[in-house]
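Step one of this worksheet: look at the structure below.
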Amino acid sequence: MQDERTETLEQIGAAFRQTRPPEPEPNMPARPTLKDIFNLRLNTPKFGLPIAAAPHCTQCAVQALKAGMDEKIVLACLLHDVGLAVCRPDHGWWGAQLVEPYVPEEVSWAIRYHQALRYFPDESVGYEYPQMYRKMFGEDYRPPEYIAAAHEHARNHKWYMQARSITLFDDYSFEKNQVWSIEPFEDIIGRHFRQPKEGLGNDASATAHMWRTLIDPSKPL
Ligand SMILES: [Fe+2]
Ligand SMILES: [Fe+2]
C-alpha cells in the first residue's frame, strides 16, 4: 500500500515536471510592467491561433486612436484580449478581472462585455456578425444563454458604446505580419493604468496570481 502511494506520488511529480516547455519563456524583469507583459509574454501566438495577442490588441487600439476615441476606450481596445493569455474560454470575463484592480471601471467593463457583443450585430453602428464565427461555430450557431443575457445587459447600459467600440475595431486587427509597438500607448497607459511599484504579479492585488500565471504559465503548481 505504502509502495503504491509512493509510486503514485512520484508519477505525479514526473507528470508536473513534464509540463515545462523545452523553450523557457524569456526572462522577465524583477518588477514587470504592462509593457514587459506585451513585449515578452503576448508576442507569441497561443492555442494554435495565427496571430499573438500583442499585435492583435495593438492593431485594435491603433484603430481606436485613429478614430479619435476617448483614451479609456483606446486602453480597453489595447487590453481587450489580454485575458486570452490566461484562459481561452470566457476570455472577456478573465481579461476584465485580470485588469480590474488597475484600470478605471469602464475599461474593465468594456473588456468583459466585448466577448458577448461580438455575437450580436448592431446595424445602427455598422457592426455585423463576424465571418470568422460562421467558420468557428457553424452557420446556425446560437450563443449560450449567459452570452445572450450579457449582451442584453450591456445593450441597456450607459457604457454600451465602450464595449461595442472594441467589437467595431476587433475584426480589422488580424494583420499577421504587421510590425507592432506598445510605444504609441505609453502615455495613455501612464494616465489610466495603475502600474504597481512592486511589479505585476508581485503586488497584493486580488489578481496578482493571474499575472503570475501569465508570466509563468507552465509552473508545475
Ligand atoms: Fe475578444
Ligand atoms: Fe480581439
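Throughout, read-outs are computed from the coordinates displayed, never taken from laboratory work. Keep in mind it's a predicted model, so treat the numbers as computed, not measured. Because the Cβ atoms are built from the backbone with ideal geometry, glycine has one as well, and the counts that use them run over all protein chains shown.
Here are a few things to note about the model shown:
- FRET efficiency estimate (nearest 0.05) - Cβ-Cβ, LYS66 to ARG5, R0 41 angstrom: 0.10
- Taken along the Cα-to-beta-carbon direction at a fixed 7 Å, the label points for LYS135 and ALA30 span 4.6 nm.
- For region 32-215, size of Cβ-based charge dipole, Lys and Arg +1, Asp and Glu -1, in debye: 320
- Each stretch of four or more DSSP H residues adds -39500 (n - 2.57); spread over every residue of the chain, this sum gives -15000 deg cm²/dmol at 222 nm.
- Debye-formula intensities of region 1-119, expressed as log10 I(q)/I(0) at q = 0.12, 0.15, 0.20 Å⁻¹, are -0.55, -0.75, -1.13 (one equal scatterer per alpha-carbon, no solvent).
- Peptide ranges 137-149, 184-196, 85-97 listed from the most packed, as the mean C-beta count within 10 angstrom indicates: 85-97, 184-196, 137-149
- Computed label-point distance, nm, for sites ASN43 and GLU128 using a 7 Å Cα→Cβ extension: 3.5
- Cα-only Debye scattering, the chain: base-10 log of I(q)/I(0) at q = 0.07, 0.11, 0.15, 0.16 Å⁻¹: -0.25, -0.58, -0.99, -1.11
- Label-point separation in nm, ALA148 to ALA204, each point 7 Å along Cα→Cβ: 4.5
- Which listed pairs, of LYS197/LYS219; LYS158/LYS197; LYS35/LYS158; LYS176/LYS197; LYS35/LYS135, have C-alpha distances above 27 Å, in listed order: LYS158/LYS197; LYS35/LYS158; LYS176/LYS197; LYS35/LYS135
- For region 59-143, the normalised intensity computed at q = 0.24 Å⁻¹ comes to -1.24 (log10 of I(q)/I(0), Debye sum over alpha carbons, equal scatterers, no solvent).
- Crossing angle, helix 53-66 versus the chain [Cα axis fit, 0-90 degrees, rounded to tens]: 20
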